[in-house]
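The values are calculated or read from the model by the stated rules, or taken from the named source; none is laboratory data. Since the structure is predicted, the reported quantities are computational estimates derived from the model, not experimental observations. Methodologically, a virtual Cβ is constructed for each residue, glycine included, from the backbone with ideal geometry; neighbour enumeration extends over all protein chains shown.
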Amino acid sequence: MKNLKYNWIVIFTLILILTGCSQDFLNRPPVDSITDANFYKTDAEVMSATSLLYNRVWFDYNDKASYEIGDFRSGVAYNPYGQQGYVRFNLTGDDADMNAGWNAFFTVIGQSNMAIQNINRYAGSAVTEPIKKEAIAEARFMRACAYRDLVMLWGEVPIIVNNQAILQDTTIARNTVSSIWKFLTYEMKACANDLPETPYQLGRVTKWSAEGMLARFYLTRAGVESVNGVRNQAFLDSAKYYSNRVITMSGKTLLPSYASLFKYPYDNNNESLFELQWVYSNVWGVSNSAPAYLAYSSDIANGDGWGGSIGATWWMLQKYEGINAYGTTGDTLKGRTLDQRLHETFMLPGASYPEISQRVTTASGNDSIQRLIYPNNTADNSALAIKKYICGKAADMGGQASSQHYPNDTYMLRLAEMYLIYAEAELGDQTQTSDATALSYFNAVHTRAGLGAIITPLTFDMIFNERLVEFAMEGECMYDLSNLYYYNPTKALAILNSQDRGLFAAYPDKFPNPTQWTFVKTAWAIPANGDYRTITASTGNFYLPIPTSELAAAPNLQKPAVDYYTK
């Protein structure tokens, strides 16, 4: 089966590099789609057109905004010396990376709208009806995914399904959160009906991708439609229904080893339900650039590797079983964990990664290459560097990597989430559940990570923490907090405001191959010296600010939101 990752390059050569919807997304349709009426004449041409939606349109979100918003802002990771609007939870509407994320989502929406219109308008008689339905469903799928991210991060935003129709419309306004979620579930149901059970090409979304998204959407919508903090039971039941269908009917399986999820080449494995399709290319915007900013040093990178100060927060570190408070002063943690997810998400001093090459300087002053052992930085503000999505030098990736150009895909939906969605939906508003299926599904994820099976009843905190360690540095935690915020804002804000985001040091008991570590808060890093350990999250800053430039270009965004279905 031909791989989607490379098939779409043929089409990419037919158009200019995407300019996106930019900052006047309300005022013009995208100008960079294939609109030639002579193009959509065969099944292959129609499917080639939608293949563009898997890559470049998402680039400006994937580049930095995905982990800055999803992981830095939520407290999973931090940079004590940069990206402070995310770390300290005080972003303004002028932040460049946030604006890039906003623009990327509306680029996805605009390109999806254009694809739908072009296929309906130009598809020739030789285009088969199943292919036409599938291609339009792919575009609707991408549009719905972009809107899911927008509404969970920014709250009320305008639903746009035809950019050309609003070209001269000055009355476009934001839509209410509840009507956006109604729109999203309607759209994704249509996608589930029209997408095939097996992919047209490796990497394309299927019926199971859509049903997985429906499970995710209904779990969220249950909170959106809550009454006095009680979630909508019908939507919880729908989340259970769709997640169980994907688990039992899709043919997807959890990979036996968590580490395999992020060891190159892992793309389009049997646990993946939807991922962005990056390729190694010298064309800007079609490769995965995020590893350039997250890799801790050029010693393991390719002329980049600028993430030396980025690492796990103190709050995040405590979520791994076996890393516990030590002593009575509250400034020390100590221990080790059997949870493989720590090793595969963050690097601790002395940890080994034989799949990654490391440049070292020998005693004689010459450069040498060895298998990576994360260095023991004895400074009292050492960072636990990012491992997830870091695959090493070009030699570690078959020569397919260079500075800011990496081929490894970005997960957007994994089967593991279906197991945890089922468990949470079964728990619902109960304080605990001993449901056998929920426990079995929870333990499928938990034991895959190397931990013992849970036999006690499941609680919300157990499921939330499991999601946290399973998807850390996959940009998901802020969305999990948004899910909670819909029906229990007090608890969501309490989680954020209880976090410690301050400096600390990691000390192995031996180097390399330590058996345990001691973590100590940095004594000099106090607020007076600029290190803010805690943040202040509130109803006023939980959602991201709409970009300042957008408010200037589209002042109606400042007006009260309206129901999409009664406008």
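Name the single residue that is farthest from V469 (Cα to Cα) among those in the stretch 62-110 being hydroxyl-bearing (S, T, Y) and crowded, with 24+ Cβ neighbours inside 10 Å.
If we filter the stretch 62-110 for residues that are hydroxyl-bearing (S, T, Y), which is where we start, we get 66-67, 74, 78, 81, 86, 92, 107.
So of that shortlist, the ones also crowded, with 24+ Cβ neighbours inside 10 Å come out as 66-67, 74, 78, 86, 107.
Numbers: S66: 17, Y67: 15, S74: 13, Y78: 16, Y86: 20, T107: 31 Å.
The selected residue is T107.
So which of A215, A234 is over 20 Å from Y479 (Cβ atoms) and aliphatic (A, V, I, L, M)? Quick ask: steps written out before the conclusion?
Numbers: A215 fails: over 20 Å from Y479 (Cβ atoms).
It is A234.
Scanning for something of a type outside the set (S, T, Y), outside any loop (DSSP other than H, G, I, E, B) and modelled with pLDDT of 95 or more, does the stretch 280-289 turn up at least one residue? Don't jump to the end; show me each part of the working.
Restricting attention to the stretch 280-289, the residues satisfying the condition of being of a type outside the set (S, T, Y) are 282-286, 288.
Adding the requirement that they be outside any loop (DSSP other than H, G, I, E, B) leaves 288.
Adding the requirement that they be modelled with pLDDT of 95 or more leaves 288.
Yes, the stretch 280-289 has at least one match.
Can you find, within the stretch 178-205, the residue that is farthest from E271 (Cα to Cα) among those that are assigned to a helix (DSSP H, G or I) and touching a strand residue (DSSP E or B) at 6+ places or on another chain (Cβ under 9 Å)? Before you say what the answer is, go through the steps one by one.
Taking the stretch 178-205 first, the residues assigned to a helix (DSSP H, G or I) are 178-194.
Adding the requirement that they be touching a strand residue (DSSP E or B) at 6+ places or on another chain (Cβ under 9 Å) leaves 179-180, 183.
On the way: S179: 32, I180: 29, F183: 28 Å.
Here the answer is S179.
Residues are listed down the side, and each one gets a yes or a no for (1) surrounded by fewer than 23 Cβ atoms within 10 Å (Cβ to Cβ); (2) touching a strand residue (DSSP E or B) at 6+ places or on another chain (Cβ under 8 Å); (3) within 21 Å of R245 (Cα to Cα); (4) not assigned by TED's automatic domain parsing to the domain that holds R216:
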{"residue": "R359", "(1), (2), (3), (4)": "yes, yes, no, yes"}
{"residue": "N381", "(1), (2), (3), (4)": "yes, yes, no, yes"}
{"residue": "T437", "(1), (2), (3), (4)": "yes, no, yes, yes"}
{"residue": "N443", "(1), (2), (3), (4)": "yes, no, yes, yes"}
{"residue": "G450", "(1), (2), (3), (4)": "yes, no, no, yes"}
{"residue": "T456", "(1), (2), (3), (4)": "yes, no, no, yes"}
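How many of the residues in the stretch 208-266 are among the small types (G, A, S), touching a Lys or Arg at 6+ places or on another chain (Cβ under 9 Å) and outside any helix (DSSP H, G or I)?
Final tally of qualifying residues: 2.
Hey, does the stretch 525-534 have a residue that's under 21 Å from G350 (Cβ atoms) and out of contact with any strand residue (DSSP E or B) (no Cβ under 6 Å at 6 or more places or on another chain)? Don't jump to the end; show me each part of the working.
Going through the stretch 525-534, the residues under 21 Å from G350 (Cβ atoms) turn out to be none.
Scanning the stretch 525-534 turns up no residue that is under 21 Å from G350 (Cβ atoms) and out of contact with any strand residue (DSSP E or B) (no Cβ under 6 Å at 6 or more places or on another chain).
Give me a count of the residues in the stretch 375-385 that are over 26 Å from the mean Cα position of the chain (by Cα) and not hydroxyl-bearing (S, T, Y).
Residues that pass the stated criteria total 6.
When the stretch 298-312 is examined, which residues are found to be among the acidic types (D, E) and either closer than 16 Å to G502 by Cα or part of a loop (DSSP other than H, G, I, E, B) (or both)?
Within the stretch 298-312, the subset among the acidic types (D, E) is 299, 304.
Result: D304, single match.
Considering only the stretch 166-185, state which residues are out of contact with any helix residue (DSSP H, G or I) (no Cβ under 9 Å at 6 or more places or on another chain) and at pLDDT 95 or above. Show your work before the answer.
Filtering the stretch 166-185 for residues out of contact with any helix residue (DSSP H, G or I) (no Cβ under 9 Å at 6 or more places or on another chain) gives 166-169, 176, 179.
Once the filter is applied, which keeps residues that are out of contact with any helix residue (DSSP H, G or I) (no Cβ under 9 Å at 6 or more places or on another chain) and at pLDDT 95 or above, the stretch 166-185 yields T176, S179.
Restricting the search to the stretch 36-73, which residues are of a type in the set (S, T, N, Q) and touching a strand residue (DSSP E or B) at 6+ places or on another chain (Cβ under 9 Å)? Break it down stepwise before answering.
So the first thing to find is which residues in the stretch 36-73 are of a type in the set (S, T, N, Q), and the list is 38, 42, 48, 50-51, 55, 62, 66.
Correct list: N55, N62, S66.
Any chance the stretch 497-506 includes a residue that's of a type in the set (F, W, Y) and surrounded by fewer than 20 Cβ atoms within 10 Å (Cβ to Cβ)? Outline the logic, then answer.
The initial filter retains those residues of the stretch 497-506 that are of a type in the set (F, W, Y), namely 504.
Going one step further and asking which of them are surrounded by fewer than 20 Cβ atoms within 10 Å (Cβ to Cβ), we end up with none.
Looking for residues that are of a type in the set (F, W, Y) and surrounded by fewer than 20 Cβ atoms within 10 Å (Cβ to Cβ), one finds none in the stretch 497-506, hence no.
Among the residues of the stretch 461-475 satisfying the criterion of being charged (D, E, K, R) and assigned to a helix (DSSP H, G or I), which is surrounded by the fewest Cβ atoms within 10 Å (Cβ to Cβ)?
In the first step, residues of the stretch 461-475 are kept if they are charged (D, E, K, R); the result is 461, 466-467, 470, 474.
With assigned to a helix (DSSP H, G or I) added as a condition, the list becomes 461, 466-467, 470.
Working: D461: 10, E466: 25, R467: 22, E470: 23.
If we take residues in the stretch 461-475 being charged (D, E, K, R) and assigned to a helix (DSSP H, G or I), then D461 is surrounded by the fewest Cβ atoms within 10 Å (Cβ to Cβ).
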